[in-house]
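Notes follow once the structure below has been shown.
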4 protein chains.
Amino acid sequence: MTDHRTHPTRPDFRFWWPVTVRWGDMDAMGHINNVVHFQYLESVRIGFADAIGWGIRTGSGGRQGPAVVSQTYHYRRQVFYPAELEVGVRCREVRGGSSVVVWLDYDGGRAPEIPPDLRQALTGS
Amino acid sequence: MTDHRTHPTRPDFRFWWPVTVRWGDMDAMGHINNVVHFQYLESVRIGFADAIGWGIRTGSGGRQGPAVVSQTYHYRRQVFYPAELEVGVRCREVRGGSSVVVWLDYDGGRAPEIPPDLRQALTGS
Amino acid sequence: MTDHRTHPTRPDFRFWWPVTVRWGDMDAMGHINNVVHFQYLESVRIGFADAIGWGIRTGSGGRQGPAVVSQTYHYRRQVFYPAELEVGVRCREVRGGSSVVVWLDYDGGRAPEIPPDLRQALTGS
Amino acid sequence: MTDHRTHPTRPDFRFWWPVTVRWGDMDAMGHINNVVHFQYLESVRIGFADAIGWGIRTGSGGRQGPAVVSQTYHYRRQVFYPAELEVGVRCREVRGGSSVVVWLDYDGGRAPEIPPDLRQALTGS
């Protein structure tokens, strides 16, 4: 398992996504709510999925697509409004957090093989 | 137009919906965020729509259903966590707010006739 | 009262604020949730308030600052992810919506006089 | 590290918190958004903290209180509106997720000793 306490550097990431913090992202503590950090992760994940063509497909068993099965976030520092963030993503590790995403058969509920083109787009090999 | 500054009383409403305030509904001012009040209105509106069978239907022109076209909210008092609210709804006026909802042809984008059974459920006559 | 059905044009607005729509702003209808439109209004309102120095002040009676007392939104069209929006604001009227904001004595709960510099910044006269 | 794939049973938890799913908690996939699951965890965490007196205190170095430093969630099943959930919490492990919470010196940014009464309330010993 990756040690999230090591700080990856910028070249480690395959894709970056800008996030403009909204005033409403703050909670009663006056900082960005811990839950909202996960919406930032969602934004980069969706942006990355769109960029590599990782959207919903119609396979032999019905609709297929990505689904988050697990995610972890390590809060390294508080974030305050106003702020412009850049969230980086790479396969199997995300800066400041980790999301496990499966390729799911939406209609059947099973997890089919990841299509070869997606596998290549994700791993770069 | 209804004067929202008159305080309607409990018997004026056709339907009530409980809302449990969440800690995360608060913003940096330490009170329930003004935007979240509209989520409370949405909750009662959906609950009411489900109760009277006002969901999506397949009509001759495709899928039809409700859509909010306008809404107004008057903030009479601040709300703080923790709180249990009851939000009342009645046709053409909501306690503390007002939503204009049309019956929409989702696929065609037009506004067809409201089905007679719904009209009766909404107005009680 | 302003007729919101007349479409104001770009020169009518004093201040513009960019909003990057997030995937998570969509609801189960697949469009930007009606509640989230109010978060966009909040963003421009806060941005405008910061730009004109309309933040919390310590007056003779305690802390003073703006508070929304009423707001209305007319949904002219659906918004879908992805989208980059610009939200305009002007005093007493907002494109697609209207917010009534008072200058509030936070500690006392009263509404003191608006400081002269703010009045000028808001109205431009 | 706890194996989250073992399903703890009801007696394993010290505290339960009811969550009423809101329609607006759903996203464009038509299920409860993955981010909102963390708001449910937040709700039980705050409820538990309030129940055991784990709120902000003024210590020798300033204000002290809890702060989330890390959290993990394993999505075992999709959740749909409408639903009434019960979220259980126990120290060091939460059903379906895990949050690491520290006792923080808000003003100094350090992590002081957890007060003895809190330590006892959390661990039950």
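The values are calculated or read from the model by the stated rules, or taken from the named source; none is laboratory data. Model, not experiment: these values are computed from the prediction. Please note: Cβ atoms are built from the backbone with ideal geometry, for glycine as well, and neighbour counts cover all protein chains shown. Note: areas computed on protein heavy atoms with side chains; ligands, DNA, RNA excluded. Shrake-Rupley method; radii C 1.70, N 1.55, O 1.52, S 1.80 Å.
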Inset, instruction - Using amide H atoms built 1.01 Å from N in the peptide plane, name the residues 5+ places from D:V69, or on other chains, whose amide H lies under 5 Å from its own. - result: D:V100, D:V101, D:V102
Legend entry - Copy-to-copy label separations for B:E84, where each label sits 7 Å from Cα toward Cβ, in nm and ascending: 1.1, 4.8, 4.9
Inset, instruction - Would you check the accessible area of A:H74, probe 1.4 Å, heavy atoms only, in square angstrom rounded to 10? - result: 30
Inset, instruction - Kindly report, to the nearest 10 Å², the accessible surface of D:F15 as traced by a 1.4 Å probe over protein heavy atoms only. - result: 40
Legend entry - At most 16 other Cβ within 10 Å, DSSP loop - trypsin sites (Lys or Arg not before Pro), region C:11-52: C:R14
Legend entry - Under 11 Å, Cβ to Cβ, from D:V36 - net charge with Lys/Arg +1 and Asp/Glu -1: -2
Inset, instruction - Heads up, I need the accessible area for A:S43: 1.4 angstrom probe, whole protein in place, Å², nearest 10. - result: 10
Legend entry - Label spacing, shortest first and in nm, from A:F15 to its equivalents in the remaining copies (7 angstrom along Cα→Cβ): 3.6, 3.8, 4.0
Legend entry - Local electrostatic count, C:V68, Cβ distance below 9 Å [Lys/Arg +1, Asp/Glu -1]: 0
Legend entry - At 7 Å out from Cα toward Cβ: A:G55 inter-copy label distances (nm, ascending): 2.8, 4.2, 4.9
Inset, instruction - Only residues of region C:8-38 count here: report those whose backbone N is under 17 Å from the spot 7 Å along Cα→Cβ of A:I56, or say none. - result: C:23-33
Inset, instruction - Grab the other residues whose beta carbon is less than 10 angstrom from that of A:F15, score K and R as +1, D and E as -1, and report the net. - result: +3
